[in-house]
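Some notes on the structure that comes next.
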Amino acid sequence: MSRIGLSPILIPEGVSVNVNGSIINIKGPKGELNQNVDSDFKIKIDENILTVSRPSEQKRYKSLHGLYRSLINNCIVGVSEGYELKLELVGVGFKASSQGNLLNMSLGFSHNIYFDVPKEVKVTTDSKKGKAPVIILNSIDKQLIGQIAAKLKSFRPVEPYKGKGVKFVGEYVRRKLGKTAAA
């Protein structure tokens, strides 16, 4: 039984949810998102509570029940509050700057990396003296912002010996010991 799928979603004030067949349209103060749902699932809205119910107890429906509930909840949270991810550039000489939606990163390679961020994601950079540069991503789409963050991290993954690379702010990096002198 899907415990996540059974829990209802509270729709906050200022957010409107319209079910049109298998497409759910969610509008809020920050923007508008659409979510596709299998047409067999029933979406019921009572006042400000949304519930997702599956048609039968087949394994296929049971496995998708919690997924669709989470996707709808992510859309509702996105249009009402939004999502923010912060990436930290750890390394000597690592820099980042943004002009509009073009991100310019210097990550220790012989060339700078220019990354064109989609218009749905707002990117800003924060560089303070003595601190590692921080890239701040804001969006209403949780999936898209996570995909962009993963792509940025893939340019320079964190290595376990010195901890250099692109990581989330507050992310724990398990460090390895280097060579030890023979006794």
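The values are calculated or read from the model by the stated rules, or taken from the named source; none is laboratory data. This one's a predicted model, so the numbers in the text were calculated from it and none came from an experiment. No Cβ is skipped: glycine too gets one built from the backbone with ideal geometry, and neighbour counts run over all protein chains shown. Ligands, DNA and RNA are excluded from the accessible area calculation, which covers all protein heavy atoms including side chains. Shrake-Rupley method; radii C 1.70, N 1.55, O 1.52, S 1.80 Å.
Quick rundown of the values:
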read-out: Pick from the stretch 13-29, criterion in contact (Cβ under 8 Å) with a residue 24 or more places away in the chain and surrounded by fewer than 14 Cβ atoms within 10 Å (Cβ to Cβ), ranking: nearest to SER80 (Cα to Cα); value: PRO29
read-out: Cβ-Cβ under 6 Å pairs, at least 6 apart or on other chains, the stretch 99-111 side closer than 14 Å to SER127 by Cα, far side of a type in the set (A, V, I, L, M) and open to solvent by less than 30 Å² (accessible area, probe 1.4 Å); value: LEU103/VAL117; LEU103/VAL123; MET105/ALA96; MET105/ILE113
read-out: Residue count for the stretch 40-52, restricted to those that are without any contact (Cβ under 8 Å) to a residue 40 or more places away in the chain and open to solvent by less than 90 Å² (accessible area, probe 1.4 Å); value: 6
read-out: Members of the stretch 97-147 that are part of a strand (DSSP E or B), open to solvent by less than 50 Å² (accessible area, probe 1.4 Å) and not polar (S, T, N, Q); value: LEU103, MET105, ILE113, PHE115, VAL123, VAL134, ILE135, ILE136, LEU137
read-out: Leading residue by the ranking (modelled with the highest pLDDT) among those in the stretch 63-75 that are farther than 14 Å from ILE43 by Cα and out of contact with any Lys or Arg (no Cβ under 7 Å at 6 or more places or on another chain); value: CYS75
